[in-house]
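Just below is one structure, and these are the notes that go with it.
No value in this document is a laboratory result; all are computed from the given coordinates. Keep in mind that this is a model prediction, so the values were computed, not measured. Here the Cβ positions follow ideal geometry from the backbone for every residue, glycine too, while neighbour counts run over all protein chains shown.
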Ligand SMILES: [Zn+2]
């Protein structure tokens with residue numbers, strides 16, 4: 001017997017939450033061919049990994065690389081933390097399934113999060129087209145959630161209010177097609193437009209085929225922090241009505257409330273999980289954080305028109321900005337699409353407003369209007385979310401890691417460059433929040449099982465060879481708010497489907513990443 005690659009002398013952390021054990025790992029033809037004492041095995045490529053941990057590739061369960069999965073910096077940011085799989089189509093907004101017109105609108109609105117639509121998809125695309133677009137075009141595997149906001153925009157435009165029966169049927173048919181094309185579930189963004197116009201009854205109806213497929217409903221909920229009870233309550237209601245398995249995106253807020261609600265839902269038979277990232281600041285589009293929903297209710301083009309109207313600005317100054325002073329004080333500007341305003345990137349909103357000699361609310365209007373909505377921000381979460389809450393969420397059995405990475409602007413949130421390395425370095429090695437076995441199960445085994453990534457998430461013979469070699473003594477995040485585009489350290493090698501994507505901490509240029517289509521449901 002021989003193998004293609006032999007990782008010799010390391011410790012296997014296999015993704016089941018078992019502790020590290022001493023073993024060599026053999027890779028042949030894209031899969032793990034053996035694990036054990038394999039020193040005598042013939043191989044073309046023997047790699048000494050003495051003292052290193054050998055783990056399955058990590059799954060980023062919430063990330064905004066929809067336009068940039070093939071970007072070299074994004075690939076390196078992920079691989080240098082051990083991430084091999086990205087779940088895209090988050091927050092209910094992405095490019096498929098949609099016509100050119102819908103793609104134009106949603107890509108405009110969510111441009112500061114997902115980036116611009118790739119040209120080969122912009123004329124309209126199905127989920128099958130989108131998955132084909134990623135397949136072996138990048139080092140990273142890509143899975144996709146059918147975004148319910150995009151689907152609503154395709155059927156109803158930005159029309160608020162309830163869907164009529166014909167519209168419901170049309171949306172449901174698009175969800176069914178997306179699942180048939182390989183979507184891993186359906187996502188919503190209930191604080192964004194048009195997702196926020198959908199009520200629980202509509203979403204439960206769209207979740208029926210998701211439940212039938214054994215797939216997952218993933219939600220940026222209608223409320224976090226002190227309002228997390230409201231967001232979770234609606235998500236559990238949707239689960240009870242449709243029988244769907246549910247997953248809360250970037251969960252944060254007071255753990256005493258959240259853990260209690262998750263526990264009661266579980267007692268009630270609800271299958272609920274969540275992702276979170278190890279930081280106390282969030283990041284999103286400036287319009288969602290700092291403007292009232294009603295200004296944005298007719299879609300992104302209309303929002304820009306309204307913000308150019310001095311009457312609208314006056315009304316906002318009087319009725320809105322005066323009431324959210326606390327929020328404005330927590331905002332830092334990460335990305336502005338308008339060239340004349342790029343100097344504000346990295347500044348707090350209040351400092352930038354001082355320099356621009358205008359009230360902070362006026363600057364918000366100006367940035368959103370002049371960039372045609374293309375403005376993003378980082379914001380400190382309210383004091384209801386503490387480091388203790390982050391650590392308690394991390395230890396929860398239902399937790400996985402979603403970086404929520406946004407790869408745009410000169411001063412993005414560091415989470416896209418550091419989340420996974422920070423969980424390993426800071427929270428596992430330094431703080432002991434998780435054992436190494438538990439950490440790897442949260443980063444790989446658990447999400448692969450949750451999203452039915454067949455053959456991935458565990459290191460065992462027969463599994464797909466998505467493999468990470470890392471140094472447990474040094475793995476760490478180095479990105480911070482001042483220098484966010486800084487790669488993590490401590491990950492030496494990463495294989496994707498048996499090919500080295502990162503070797504000796506260098507990108508190899510290989511593009512072995514696959515589009516991951518949902519495994520067919522096992523029939524009993
Ligand atoms: Zn997100």
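Assorted remarks:
- Helix 100-109 vs. the chain, principal-axis angle (Cα, 0 to 90°, nearest 10): 80 degrees
- Cα→Cβ-extended label distance, 7 Å offset, between residue 101 and residue 264, nm: 4.5 nm
- Cα gyration tensor, the range 60-175 - rounded (a/c under 1.5), prolate or oblate: prolate
- In summary, the chain shows an alpha-carbon radius of gyration equal to 0.95 times the 2.2 N^0.38 Å reference for compact globular proteins.
- Taking all Cα pairs closer than 8 Å and separated by 6 or more residues, the relative contact order of the range 1-88 comes to 30 percent.
- Between helix 228-242 and the chain: long-axis angle, C-alpha atoms, 0 to 90°, nearest 10: 70 degrees
- Cβ crowding within 10 Å averaged over residues, with 214-221, 98-105, 135-142 ranked highest first: 214-221, 135-142, 98-105
- Secondary structure note: in the chain, about 50% of the DSSP beta bridges are antiparallel.
- The range 309-374 and the range 402-432: distance between their alpha carbon centers, rounded to Å: 27 Å
- Helix 255-267 axis versus longest C-alpha principal axis of the chain: approximately 70°, rounded to the nearest ten.
- For the range 268-308: rounded, prolate or oblate by the Cα gyration tensor [a/c cutoff 1.5]: oblate
- Packing around the peptides 393-402, 411-420, taken as the average count of other Cβ atoms within 10 Å per residue, puts them in this order, highest first: 411-420, 393-402.
- Overall Cα dimensions of the range 279-397, principal axis frame, Å, largest first: 49, 29, 24
- Estimated from helices alone, the mean residue ellipticity of the chain at 222 nm is -9000 deg cm²/dmol (sum of -39500 (n - 2.57) over DSSP H runs with n ≥ 4, per residue).
- Short-range pairs are left out: with C-alpha atoms under 8 Å and at least six residues apart, the relative contact order of the chain is 22 percent.
- Prolate/oblate/rounded call for the range 129-219, Cα gyration tensor, a/c under 1.5 rounded: prolate
- Packing-based order for 328-337, 299-308, 36-45, 360-369, using average beta carbon neighbours within 10 Å, highest first: 360-369, 328-337, 299-308, 36-45
- Hull-based mean projected area of the range 1-123, where the convex hull spans the alpha carbons, in square nanometres: 10.0 nm²
- The range 140-244: relative contact order as a whole-number percent, Cα under 8 Å and 6+ apart: 28 percent
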